[in-house]
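Below is one structure, written out as structure tokens, with a few remarks after it.
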């Protein structure tokens, strides 16, 4: 078993997984919004939460990419 911090992962795999997770989360959100009877305000709040979570994930990848180039 590898020591903590000894395993490496291709950056492209991280990007692919983040994109797939974001897409699946978006699909789930759309299905949830179709099924539930929420007010427009609640729907907008849920969409903004998704956007914020996805933006944070992509920003972390961006920072990691810049760090790897140094």
(request) Mind checking the full-extension length gain between residue 11 and residue 32? Use 0.36 nm per residue of separation minus the Cα-Cα distance, one decimal, nm. (result) 4.4 nm
(request) For residue 23 paired with residue 60, estimate the spin-label separation in nm (one decimal), with each label point 7 Å from Cα along the Cα-to-Cβ line. (result) 2.0 nm
(request) Consider just the alpha-carbon atoms of region 11-69 and return their Rg together with their Dmax, both in angstrom. (result) 14.2, 47
(request) Can you tell me the 0 to 90 degree angle between the C-alpha axis of helix 40-69 and the longest principal axis of the chain, rounded to 10? (result) 10 degrees
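Where a number appears in this text, it was derived from the coordinates with a stated rule and is not lab data. From a predicted model like this one, the values you see are computed outputs, not experimental measurements. FYI the Cβ positions are ideal-geometry reconstructions off the backbone, even for glycines, and counts take in every protein chain you see.
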